[in-house]
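Novice: Mind looking over this structure? Questions follow.
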Amino acid sequence: QVQLVESGGGLVQAGGSLRLSCAVSGRTVTSYAMAWFRQAPGKEREFGAAISRSGMTTYSADSVKGRFTISRDNAKNTVYLQMNSLKREDTAVYYCAARQGRSYSLTAVEYDYWGQGTQVTVSS
């Protein structure tokens, strides 16, 4: 059974930074393309950033491009999301997702495993 556990969320002022972590257990993280999604109250879950199994390729949504960076440490079975220049509109629950044996996708339904989410709140 694969488990994803996010951490690192919290309350931060606009313009600040946070780093989210997603610890993968149950199977080596190299089996999975990984992604971060987010969901704000009353809105659908939206794609944030994704990374290939090797870590050589990443892709970010336009809304976070240049501010958020996804990375992975396969030796630690962990994926990260470094968030800089945070804005109020980045306030959401952030979810880590894993897609087994294939390349990453921008679509939530194509991911096989999900974490429980971590709240990020950006104040003005």
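Novice: Taking the Cβ of ALA108 as the centre, find all other residues whose Cβ is under 12 Å away and add up their charges (Lys, Arg: +1; Asp, Glu: -1). Write down the numbers at each step before the final one.
Specialist: Working: positive: ARG38, ARG45, ARG99; negative: GLU44, GLU46, GLU110, ASP112.
Net charge in that neighbourhood comes out at -1.
Novice: Next up: Straight-line reach from LYS65: which lysines fall under 18 Å, measuring Cα to Cα and dropping same-chain residues less than 8 apart?
Specialist: Here the lysines satisfying the reach criterion relative to LYS65 are LYS87.
Novice: Applying 1/(1 + (r/R0)^6) with R0 = 41 Å to the Cβ-Cβ distance of LYS87 and TRP114, what FRET efficiency is obtained, to the nearest 0.05?
Specialist: On the way: r = 25 Å, r/R0 = 0.60.
E between LYS87 and TRP114, to the nearest 0.05, is 0.95.
Novice: Please list, in chain and number order, the residues 5+ apart from GLY117 or on another chain whose amide H is under 5 Å from its amide H, with Hs placed from the backbone.
Specialist: Amide H to amide H, under 5 Å and 5 or more residues apart or across chains, GLY117 pairs with GLU6, CYS96.
Novice: Per residue, how many Å² of accessible area does the chain show with a 1.4 Å probe? Before the final figure, lay out the partial values.
Specialist: On the way: 6260 Å² over 124 residues.
Spelled out: the 1.4 Å probe surface of the chain, per residue, equals 50 Å².
Novice: Let me ask you something else. Heavy-atom accessible area of SER7 with all protein chains present, probe 1.4 Å, nearest 10 Å²?
Specialist: About 60 Å², ignoring ligands and nucleic acids.
Novice: If you don't mind, another one. Report the accessible area of ARG72, computed with a 1.4 Å probe over the heavy atoms of all protein chains in place, in Å² rounded to the nearest 10.
Specialist: Spelled out: ARG72, probe radius 1.4 Å, area about 40 Å².
Novice: Next up: Separation of the range 1-18 and the range 45-67 by C-alpha centroid, Å?
Specialist: Each part reduced to its Cα centre gives a spacing of 16 Å.
Novice: Karplus couplings for the range 103-118 from phi (6.51 cos²θ - 1.76 cosθ + 1.60, θ = phi - 60°), rounded to Hz, Gly and Pro as x?
Specialist: So the Karplus estimates, Gly and Pro as x, are 6, 6, 10, 9, 10, 4, 5, 8, 9, 8, 9, 9, x, 7, x, 9 Hz.
Novice: Given +1 on the Cβ of Lys and Arg, -1 on the Cβ of Asp and Glu, and no further charges, what dipole in debye does the range 18-124 carry about its Cα centre, rounded to the nearest 20? All intermediate terms of the calculation are to be shown ahead of the outcome.
Specialist: Working: 14 positive and 8 negative charges, 40 e Å.
That gives the range 18-124 a dipole magnitude of about 200 debye.
Novice: Given the options THR78, THR28, THR58, which has the most mean-square fluctuation in a GNM of the chain, springs set between C-alpha atoms less than 10 angstrom apart?
Specialist: The residue with the greatest mean-square fluctuation here is THR28.
Novice: With a 1.4 Å probe and all protein chains kept in place, how much accessible area does TYR111 have, in Å² rounded to the nearest 10?
Specialist: 10 Å²
Novice: Sequence-distant or interchain residues sharing an amide H contact under 5 Å with ARG27, placed H: which?
Specialist: GLN3
Novice: Specify whether the C-alpha gyration tensor of the chain places it in the rounded, prolate or oblate class, a ≥ b ≥ c being the square roots of the eigenvalues: rounded for a/c under 1.5, otherwise prolate if a/b is larger than b/c and oblate if not.
Specialist: prolate
Novice: Short version: ³J(HN,Hα) in whole Hz for each residue of the range 49-61, in order, from phi by Karplus 6.51 cos²θ - 1.76 cosθ + 1.60 (θ = phi - 60°), x for Gly and Pro, what are they?
Specialist: For the range 49-61, the Karplus-derived couplings read 7, 9, 9, 6, 4, 7, x, 6, 10, 10, 8, 10, 5 Hz, x marking Gly and Pro.
Novice: Can you work out ³J(HN,Hα) from phi for every residue in the range 12-18, in order, using Karplus 6.51 cos²θ - 1.76 cosθ + 1.60 and θ = phi - 60°, giving whole Hz and x for Gly and Pro?
Specialist: Karplus values, whole Hz, x for Gly and Pro: 9, 7, 4, x, x, 10, 9.
Novice: Can I ask one more? Could you list which residues have their amide H under 5 Å from that of ASP112, counting only those 5 or more apart in sequence or on another chain, with H placed in the peptide plane?
Specialist: Distant-sequence amide H within range of ASP112: ALA98, ARG99, GLN100.
Novice: Also: For the chain, set up a GNM with springs between Cα atoms under 10 Å and report which of GLU110, GLU44, GLU89 has the largest fluctuation.
Specialist: The residue with the greatest mean-square fluctuation here is GLU44.
Novice: Quick one: among ALA98, ALA75, ALA50, which has the greatest mean-square fluctuation in a GNM of the chain with alpha-carbon springs under 10 angstrom?
Specialist: Maximum fluctuation in the GNM of the chain, among the listed residues, is at ALA75.
The values are calculated or read from the model by the stated rules, or taken from the named source; none is laboratory data. For clarity, every value in this text was computed on a predicted model and none was experimentally measured. Here the Cβ is made from the backbone with ideal geometry for all residues, glycine too, and neighbour counts use every protein chain on show. SASA here: full protein model, heavy atoms, side chains in, ligands and nucleic acids out. Shrake-Rupley method; radii C 1.70, N 1.55, O 1.52, S 1.80 Å.
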